[in-house]
Ligand code: GRG
């Protein structure tokens, strides 16, 4: 299958599954479900679930096995964006060109929508794990996802990012922020796809390496786009990263070195995927595509 077809195929699968998870009867929690759906279907790229599905496809046979984890990762990602946009954090009025959750539903509901998505993601994963007599790979995957989203992952990176605002920071601190705030939740889907697909330990390790390189390259590209401008960022309001003077790769090392670093990291991803030959073509194209932000 050619890349774009495969990409759309993955996106459709994920969207259908997410819709079914949020297909609730009308009830007392109507507003909450509506606000969770608002952000979940506000135009995200579905990068994290796509990575889980693509990694699974390298090793496993029935993609539905990994779907609960792919969808849970998107829910966790969406919760983090809802909370990140709140006045207490980045105070953004727009995301993906649309009003942010709290601008539509108010801060209280936006906080609960984020909390709801986070908790529901674990409910979905554990429900799925309980359907299997041999739960090892499922519990291992859930732990992987909890780690990547928690204090030793995304939240750990976010707190250091918050504390570093308006300060000069060292390269080591910036790396910590990027590896935890961004790369952790990009690495988890690649690892989980391999774990659920029944991959060997060395392949799981390789997927982890790919995720760390890809995640860092993804964040540096984001930093570069923040400086050189990009249409998708036009919706950002007062309080965005630039106005708060957050140190980024681009501000610390300049655009040229940042681009070189992204190329270096993308080359690493390409080399790590080589042993998987044709089967890894999708991931190969995806990583090159991501760096050019054509996706
Ligand atoms: C508030 C708990 C909490 C965590 C915040 C993820 C995060 C940590 C903040 C979001 C802001 C940000 C710039 C994060 C870096 C990672 C990143 C570039 C996220 C955007 O991911 P995409 O491009 O988003 O995959 P879409 O819109 O496609 O879903």
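Numbers at a glance
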{"quantity": "Pair list, Cβ < 7 Å and 6+ apart or interchain, from region 198-226 residues that are touching a residue at least 60 places away in the same chain (Cβ under 8 Å) to residues that are not in a helix (DSSP H, G or I)", "calculated": "198/60; 221/293; 225/293"}
{"quantity": "Qualifying residue in region 99-114 (condition: out of contact with any helix residue (DSSP H, G or I) (no Cβ under 7 Å at 6 or more places or on another chain) and under 26 Å from residue 215 (Cβ atoms))", "calculated": "no"}
{"quantity": "Candidates 58, 53 - the one that is in contact (Cβ under 8 Å) with a residue 40 or more places away in the chain, surrounded by 22 or more Cβ atoms within 10 Å (Cβ to Cβ) and more than 9 Å from the ligand (Cβ to nearest atom)", "calculated": "53"}
{"quantity": "Of the criteria (1) outside any loop (DSSP other than H, G, I, E, B); (2) more than 25 Å from residue 9 (Cβ to Cβ); (3) within 11 Å of the ligand (Cβ to nearest atom), which one residue 76 fails", "calculated": "(2)"}
{"quantity": "Condition check for residue 81: under 17 Å from the mean Cα position of the chain (by Cα), in a helix (DSSP H, G or I) and within 10 Å of the ligand (Cβ to nearest atom)", "calculated": "yes"}
{"quantity": "Tally, over region 205-219, of residues that are more than 16 Å from the ligand (Cβ to nearest atom) and surrounded by 23 or more Cβ atoms within 10 Å (Cβ to Cβ)", "calculated": "2"}
{"quantity": "Qualifying residue in region 176-189 (condition: surrounded by 14 or more Cβ atoms within 10 Å (Cβ to Cβ), away from the ligand (no atom under 13 Å from the Cβ) and not in a loop (DSSP other than H, G, I, E, B))", "calculated": "yes"}
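A short reminder: the numbers here are calculations on the coordinates, not readings from a lab. Everything numeric in this text was worked out from a predicted model, so none of it was measured. Glycine gets a Cβ as well: all are built from the backbone with ideal geometry, and neighbour counts include every protein chain shown.
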